[in-house]
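**Student:** My structure is below; once you've seen it, I'll send some questions.
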Amino acid sequence: MMGTGEVMTLLDVQGVNVVYEPNRGTRIWSVREVDLVLKQGEFVGLVGESGCGKSTLGFALTRMLRAPARLENGVIQFGGVDVASLSGEVLRRQRRNGFAIVLQSGMNALNPVRNVEDHFADILKAHARSGERHPRAAVRRRGAELLGKVRLDPDVLAKFPFELSGGMRQRVSIALVLALEPRMIVFDEPTTALDVIVQKAVMKTIQELQQESGFTAILISHDLGVVLESTNRVMVMYAGRIVEDQPSKGLVRGLHHPYTEALLHCYADPRAEEIHLAGIPGSPADLSLPLSGCAFAPRCPLVQDICWKVVPPLAPLGGGLAACHVRAPSDKVTGAKEVAAKVAQT
Amino acid sequence: MSIVTSVPPPTVPGAAVQIPPARPSSIPGPFQFLGRSLRTLWANGKARIGLVILGLDILVALLAPLIAPHSPSATTFPPYLSPNGTNWFGTTGNGQDVFSQMIYGARISLLVGIIAGAVATFVAVTIGLIAGYRPGIIDEVLSFVTNLALVIPGLPLMFILAAYLKSRSVWTIVLVVAFTSWATGARVIRSQASTLRTREFVTSAQFSGERLFRVVFREILPNMTSLVAGSFFAAATAAVMAEASLEFLGLGDPNTVSWGTILYYAQQQNALLTGQWVMIFAPGLAIALLALSFTLVNFGVDALSNPRLREKS
Amino acid sequence: MNYVVRKGTLFLITLWGAITLNFLLPRLMPGSPVDAALARLASSGVPITNAERQAVEIQLGSPHASLLSQYGDYLSGIVHLNFGSSYSFPSETVAQTIGKAAPWTLGLVGVTTIVAFIIGTLLGVYAGWRRGKTADTTVTLGATFLAAFPPFWLGLLLLYVLAFKLSLFPIKGGYNPGETPNLSPSFLADAVYHSILPALTLAITTLSGWVFGMRNNMINTLGEDYVTFAEANGLRTRTIALLYAARNAILPNVTAFGLSLGAVVGGSVLVEGVFSYPGLGNLLYIAVSNHDFPLMQALFLVITVSMLVAIFVVDLLYVRLDPRVRQA
């Protein structure tokens with residue numbers, strides 16, 4: 001049954017490309033012609049192997065790309081505003097109540113010579129509207145409140161980063177981002193450098209936060225297990241393109257893009273008598289060559305003639321989309337918006 | 001439970017990255033390494049300029065007898081001459097041709113710079129490696145000595161040593177300079193060695209039974225080549241300046257001709273007042289250019305070891 | 001607390017090391033500095049009393065007493081500031097000579113070093129922040145070029161162009177000849193006027209070291225995660241550049257500051273020599289030229305001890321800058 005109002009589209013990305021142009025070396029496209037649509041409140045996972053472009057995409061969406069990486073073409077509509085063309089002060093302002101990113105395992109994300117309270121003060125002052133003042137007492141109150149949301153004590157405010165553990169630093173990073181009241185947060189491998197127990201605790205916190213505050217979350221990870229547990233929608237990336245877009249629950253069953261299937265086969269059931277570890281034959285795609293056909297063709301067990309010639313668009317497969325001529329054939333490009341609406345309903 | 005791996009070999013020559021097979025080379029290893037390093041240095045804009053200047057200096061020094069029009073010490077010319085047809089840079093108060101002195105002077109400056117730099121670096125590497133690799137009392141003692149050598153002001157110590165020592169040859173200068181400049185390099189090398197010591201590849205070499213000597217020279221040192229090279233160029237720069245300073249103060253060998261002694265005599269003979277500005281300008285510029293060339297090459301060496309510093313040229 | 005205790009102990013031990021080195025140096029040198037010194041003293045008209053001979057021997061080495069007892073006398077001589085007489089200035093004790101020259105050097109070198117440090121650091125921050133752009137290349141090339149100038153050569157050039165040819169500045173000295181040093185405003189103004197060229201020379205030659213160090217530190221710091229995170233959180237550019245990048249990049253420079261004082265002191269010897277500026281550097285120049293061993297010994301001691309004290313002060317300052325060492 002539909003709700004009283006339609007859920008807003010928050011992020012509408014079309015045709016985004018990211019190219020790396022090192023000084024002496026070949027140009028590499030790490031994100032190629034990516035379209036995606038996110039609604040407010042979704043918790044989306046972005047998975048793929050190292051080098052598939054997921055972190056780059058995350059940075060592109062939050063306008064954090066740095067030389068030699070460059071956003072080439074593409075429209076990034078965030079809440080109706082095209083942020084791909086913003087820069088300078090306008091872009092900076094966009095970061096309040098806009099998009100934000102939490103870096104890989106906040107080990108080094110905090111300024112070593114400033115304590116946690118200073119960090120909060122810096123953020124609050126940076127985004128103060130004219131006339132807004134932030135006296136220390138107010139900063140402390142807000143800081144304590146935000147720390148509480150990530151299950152940390154207020155006395156963390158007085159501490160310096162080197163006095164905190166890795167997990168605590170990661171939570172502080174999240175709390176700082178929350179101070180921006182963002183509508184979307186990208187979590188870039190938030191638990192990779194943490195041990196499994198801390199990992200679970202931090203992911204639980206992120207999930208609860210997402211449900212409480214309702215921000216759209218993009219979880220970037222190479223760990224399929226973590227993603228499937230926490231998110232309600234998963235996108236699989238290969239060679240800079242999104243090759244599958246499914247509700248998380250539907251990923252473990254049914255037919256999928258051959259790459260997704262191969263990924264799933266890499267996870268073995270620890271209770272089985274005999275474990276077959278299947279690798280994926282072939283080598284990763286050469287990203288310095290322009291797109292021609294499906295990037296997975298050289299390694300695909302289902303490959304056909306058309307796969308080498310035509311780039312497969314995202315077409316309906318099961319409860320979501322897949323970019324595969326064999327599994328999800330399509331004569332025309334299905335509107336990404338319509339299908340995203342379908343996915344949100346399941 | 002058994003684990004069966006089934007990774008079928010690649011059957012399709014796909015669009016995977018092709019790595020061309022390495023061609024076997026006939027050039028021996030160390031020379032290949034040198035060639036590669038020179039090529040990388042050459043690619044760096046600043047280092048290239050430095051290499052060119054250095055090359056010119058070396059050339060002048062080697063070919064001095066061929067290039068210099070007269071003997072540098074012959075007092076056959078009228079003194080205090082301004083630059084003219086025979087004496088392009090004029091003459092000194094003793095009637096010597098300044099231009100020839102400048103040409104021959106390159107030899108001493110290069111010699112002292114390179115040799116003192118090399119000796120200082122050798123000492124620095126030895127002490128740094130031993131201190132970094134052997135924690136405990138050896139490290140403490142060596143570190144203390146290094147710190148002491150660091151805080152003691154180098155130039156004043158050099159002046160005093162040179163003043164005490166009776167003999168006044170070039171080798172005295174080399175020793176004095178090397179003695180006072182090893183400490184900075186030693187500290188840097190020690191800290192890098194002690195970082196490398198705890199890295200896995202060293203531990204695994206130790207466990208596989210390699211002796212200390214081999215571990216140090218086969219595993220640790222190759223990872224520090226750019227650091228050592230950087231140390232050498234920094235020491236050489238300091239040595240060139242130090243040698244000039246010593247000569248200028250009259251602590252050098254008054255019989256050898258070097259750029260510093262030219263300046264010394266210029267000062268003694270009040271070249272400022274006799275209008276012989278070339279005698280002041282030329283040697284100083286030459287010293288500055290030589291020191292500059294070492295520094296510029298060091299830029300390239302820095303960029304070798306720290307990719308973030310590589311130029312966007 | 002721990003950090004302060006550690007640095008304090010290090011200071012004391014290094015102080016002892018430097019004093020002892022100063023004690024050993026003349027005794028390790030070939031020849032007999034004592035006889036040479038006594039001969040020169042005699043020829044410059046200083047009466048060689050027993051006290052005089054003793055003072056020289058304490059400084060430079062006695063053939064009679066044991067090393068240990070010499071050491072004891074040496075240490076007590078230091079405590080009483082008794083360094084004997086020098087033959088370059090036969091009418092006063094070494095202590096007096098040094099005392100007169102010290103304020104000049106403190107003024108010149110002290111002020112110049114601090115100014116060069118500040119300007120060099122700021123330029124380095126600027127160059128590092130605008131890395132790769134014209135500003136960076138200009139600053140870097142300029143600093144490289146200036147760094148290669150031997151200090152005495154730069155001094156000579158400035159002297160020639162600005163003082164000799166253009167008569168903008170005095171040619172030598174710290175004050176007008178014929179005047180006696182006092183604290184009147186006109187004298188002070190004159191002193192400042194005389195110190196501009198030497199200060200300029202020193203500042204230019206020491207500036208570049210700071211520029212490079214700071215620029216490299218900035219470039220490294222700018223690659224750190226916390227700078228990226230600060231930018232992602234929309235902090236103002238100025239806040240990031242100063243409070244996040246520069247504030248961290250400056251730390252290695254501060255530790256290097258103390259050690260670089262040695263180079264500054266060395267440079268000041270040459271610069272003061274060229275300008276005949278009446279400071280400690282010039283004294284050392286005279287002492288070395290005259291082989292005036294007693295003066296050399298005392299000067300070396302004074303210079304080294306001052307440097308150690310300065311380094312210790314900088315170490316104490318560092319605690320305020322970097323919270324991580326407070327627990328060390």
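The values are calculated or read from the model by the stated rules, or taken from the named source; none is laboratory data. Nothing here was measured: the structure is a model prediction, and the numbers come from that model. Note that each Cβ is placed from the backbone with ideal geometry, even for glycine, and that neighbours are counted across all protein chains shown.
Residues checked against (1) of a type in the set (A, V, I, L, M); (2) in a helix (DSSP H, G or I); (3) closer than 16 Å to A:LEU180 by Cα:
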{"position": "A:GLY45", "(1), (2), (3)": "no, no, no"}
{"position": "A:GLY51", "(1), (2), (3)": "no, no, no"}
{"position": "A:SER55", "(1), (2), (3)": "no, yes, no"}
{"position": "A:ALA60", "(1), (2), (3)": "yes, yes, no"}
{"position": "A:ALA67", "(1), (2), (3)": "yes, no, no"}
{"position": "A:ARG70", "(1), (2), (3)": "no, no, no"}
{"position": "A:ILE76", "(1), (2), (3)": "yes, no, no"}
{"position": "A:VAL90", "(1), (2), (3)": "yes, yes, yes"}
{"position": "A:ARG93", "(1), (2), (3)": "no, yes, yes"}
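**Student:** Output the residue which, of all residues in region B:60-85 that are under 17 Å from B:ALA286 (Cβ atoms) and not in a loop (DSSP other than H, G, I, E, B), is modelled with the lowest pLDDT.
**Tutor:** Filtering region B:60-85 for residues that are under 17 Å from B:ALA286 (Cβ atoms) and not in a loop (DSSP other than H, G, I, E, B), the one modelled with the lowest pLDDT comes out as B:ILE67.
Residue by residue, here is whether (1) crowded, with 19+ Cβ neighbours inside 10 Å; (2) in a helix (DSSP H, G or I); (3) in contact with a helix residue (DSSP H, G or I) (Cβ under 7 Å, 6 or more places away or on another chain); (4) within 14 Å of chain C (Cβ to nearest Cβ) holds:
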{"position": "B:GLN101", "(1), (2), (3), (4)": "yes, yes, yes, no"}
{"position": "B:ILE114", "(1), (2), (3), (4)": "yes, yes, yes, no"}
{"position": "B:VAL145", "(1), (2), (3), (4)": "no, yes, no, yes"}
{"position": "B:LEU161", "(1), (2), (3), (4)": "yes, yes, yes, yes"}
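**Student:** Please find, among B:VAL123, B:VAL176, B:VAL151, the residue that is buried (at least 16 other Cβ atoms within 10 Å of the Cβ), in contact with a Leu (Cβ under 8 Å, 6 or more places away or on another chain) and over 23 Å from C:TRP16 (Cβ atoms).
**Tutor:** None of the other options fit; the residue is B:VAL176.
**Student:** I need the full set of residues from region A:115-125 which are at the interface with another protein chain (Cβ under 8 Å from one of its Cβ atoms), in contact (Cβ under 8 Å) with a residue 24 or more places away in the chain and touching a Lys or Arg at 6+ places or on another chain (Cβ under 8 Å), in order please.
**Tutor:** The answer is A:ASN115, and nothing else.
**Student:** Working only within region C:222-250, note down all residues that are more than 8 Å from every other protein chain (Cβ to nearest Cβ) and surrounded by 18 or more Cβ atoms within 10 Å (Cβ to Cβ).
**Tutor:** Passing the criteria: C:LEU222, C:VAL227, C:ILE240, C:ALA241, C:ALA245, C:ALA246, C:ALA249, C:ILE250.
**Student:** Turning to a different aspect of this structure: Among C:LEU321, C:LEU316, which is the only one that is facing another protein chain (nearest Cβ under 8 Å), under 25 Å from C:TRP210 (Cβ atoms) and out of contact with any strand residue (DSSP E or B) (no Cβ under 9 Å at 6 or more places or on another chain)?
**Tutor:** From the options C:LEU321, C:LEU316, the qualifying one is C:LEU321.
**Student:** While we're here: Can you tell which of C:TYR244, C:TYR285, C:TYR277 is of a type in the set (Phe, Trp, Tyr) and not in a helix (DSSP H, G or I)?
**Tutor:** The conditions single out C:TYR277.
**Student:** Does region B:250-270 include one or more residues that are facing another protein chain (nearest Cβ under 8 Å), at pLDDT 85 or above and either over 21 Å from B:ALA64 (Cα atoms) or not in a helix (DSSP H, G or I) (or both)?
**Tutor:** Looking through region B:250-270, none of the residues is facing another protein chain (nearest Cβ under 8 Å), at pLDDT 85 or above and either over 21 Å from B:ALA64 (Cα atoms) or not in a helix (DSSP H, G or I) (or both).
**Student:** Something else about it: Return the residue satisfying two criteria in turn: it lies in region A:250-307 and is closer than 20 Å to A:GLU49 by Cα and polar (S, T, N, Q), and of such residues it is surrounded by the fewest Cβ atoms within 10 Å (Cβ to Cβ).
**Tutor:** So, considering only residues that are closer than 20 Å to A:GLU49 by Cα and polar (S, T, N, Q), the one surrounded by the fewest Cβ atoms within 10 Å (Cβ to Cβ) is A:SER288.
**Student:** Could you pull out the residue among B:VAL12, B:VAL4 that is assigned to a loop (DSSP other than H, G, I, E, B), within 14 Å of chain A (Cβ to nearest Cβ) and at pLDDT below 80?
**Tutor:** The match here is B:VAL12.
**Student:** Here is a check on your reading of the model: is A:ASP245 more than 9 Å from every other protein chain (Cβ to nearest Cβ) and either under 28 Å from A:GLU72 (Cβ atoms) or among the acidic types (Asp, Glu) (or both)?
**Tutor:** yes
**Student:** Which one of these does A:THR260 not meet: (1) without any contact (Cβ under 8 Å) to a residue 60 or more places away in the chain; (2) over 27 Å from A:PHE78 (Cα atoms)?
**Tutor:** (1)
**Student:** Would you please name the residue that is farthest from the other protein chains (Cβ to nearest Cβ), looking only at residues in region C:115-155 that are of a type in the set (Ser, Thr, Tyr) and either in contact (Cβ under 8 Å) with a residue 24 or more places away in the chain or surrounded by 22 or more Cβ atoms within 10 Å (Cβ to Cβ) (or both)?
**Tutor:** Among residues in region C:115-155 that are of a type in the set (Ser, Thr, Tyr) and either in contact (Cβ under 8 Å) with a residue 24 or more places away in the chain or surrounded by 22 or more Cβ atoms within 10 Å (Cβ to Cβ) (or both), the one farthest from the other protein chains (Cβ to nearest Cβ) is C:THR121.
**Student:** Name the one entry in C:ARG40, C:ARG27, C:ARG53 that is more than 14 Å from every other protein chain (Cβ to nearest Cβ), basic (Lys, Arg) and out of contact with any helix residue (DSSP H, G or I) (no Cβ under 6 Å at 6 or more places or on another chain).
**Tutor:** Checking each option against the conditions leaves just C:ARG53.
**Student:** Sticking with this structure for a sec: Yes or no: region B:191-203 includes at least one residue that is within 13 Å of chain C (Cβ to nearest Cβ) and assigned to a helix (DSSP H, G or I).
**Tutor:** Scanning region B:191-203, I find at least one residue that is within 13 Å of chain C (Cβ to nearest Cβ) and assigned to a helix (DSSP H, G or I), so the answer is yes.
**Student:** Looking only at region A:178-202, count every residue that is in contact with a Phe, Trp or Tyr (Cβ under 9 Å, 6 or more places away or on another chain) and part of a helix (DSSP H, G or I) and tell me the total.
**Tutor:** Here the count works out to 1.
**Student:** Being within 11 Å of chain B (Cβ to nearest Cβ), under 26 Å from C:LEU122 (Cβ atoms) and among the β-branched types (Val, Ile, Thr) narrows it down to one residue among C:ILE286, C:ILE311; which is it?
**Tutor:** C:ILE311
**Student:** Quickly run through region C:158-167 and pick out the residues that are over 22 Å from the mean Cα position of the chain (by Cα), assigned to a helix (DSSP H, G or I) and not hydroxyl-bearing (Ser, Thr, Tyr).
**Tutor:** C:VAL161, C:LEU162, C:ALA163, C:PHE164, C:LYS165, listed by residue number.
**Student:** Taking A:VAL186 as meeting all but one of (1) surrounded by 19 or more Cβ atoms within 10 Å (Cβ to Cβ); (2) over 27 Å from A:GLY319 (Cα atoms); (3) of a type in the set (A, V, I, L, M, F, W, C); (4) within 14 Å of chain C (Cβ to nearest Cβ), write down the number of the exception.
**Tutor:** Of everything listed in (1) surrounded by 19 or more Cβ atoms within 10 Å (Cβ to Cβ); (2) over 27 Å from A:GLY319 (Cα atoms); (3) of a type in the set (A, V, I, L, M, F, W, C); (4) within 14 Å of chain C (Cβ to nearest Cβ), A:VAL186 misses just condition (2).
So that you can scan it fast, the table gives a plain yes or no per residue for (1) closer than 18 Å to B:ALA106 by Cβ; (2) more than 18 Å from the chain's Cα centre (by Cα):
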| residue | (1), (2) |
| --- | --- |
| B:ARG39 | no, yes |
| B:LYS46 | no, no |
| B:GLY55 | yes, no |
| B:ILE58 | yes, no |
| B:PRO65 | yes, yes |
| B:SER71 | yes, yes |
| B:THR75 | no, yes |
| B:TYR80 | no, yes |
| B:PHE89 | yes, yes |
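**Student:** So, one more: Just a yes or no: is a residue in region A:127-140 free of Cβ contacts under 8 Å to residues at least 12 places away in the same chain, within 14 Å of chain C (Cβ to nearest Cβ) and within 27 Å of the chain's Cα centre (by Cα)?
**Tutor:** no
**Student:** Can you pull out the residues in region A:96-109 that are within 7 Å of chain C (Cβ to nearest Cβ) and either crowded, with 24+ Cβ neighbours inside 10 Å or without any contact (Cβ under 8 Å) to a residue 60 or more places away in the chain (or both)?
**Tutor:** A:ALA100, A:ILE101, A:LEU103, A:ASN108, A:ALA109
**Student:** Right, here's the next one. Could you count how many residues in region C:62-114 are charged (D, E, K, R) and in contact (Cβ under 8 Å) with a residue 60 or more places away in the chain?
**Tutor:** Matching residues across region C:62-114 total 1.
**Student:** Got a number for residues in region A:218-249 being touching an Asp or Glu at 6+ places or on another chain (Cβ under 7 Å) and hydroxyl-bearing (Ser, Thr, Tyr)?
**Tutor:** 1
**Student:** In the list C:ALA256, C:ALA298, which residue meets the criterion of being in a helix (DSSP H, G or I), among the small types (Gly, Ala, Ser), crowded, with 24+ Cβ neighbours inside 10 Å and within 14 Å of chain B (Cβ to nearest Cβ)?
**Tutor:** Result of the check over C:ALA256, C:ALA298: C:ALA298.
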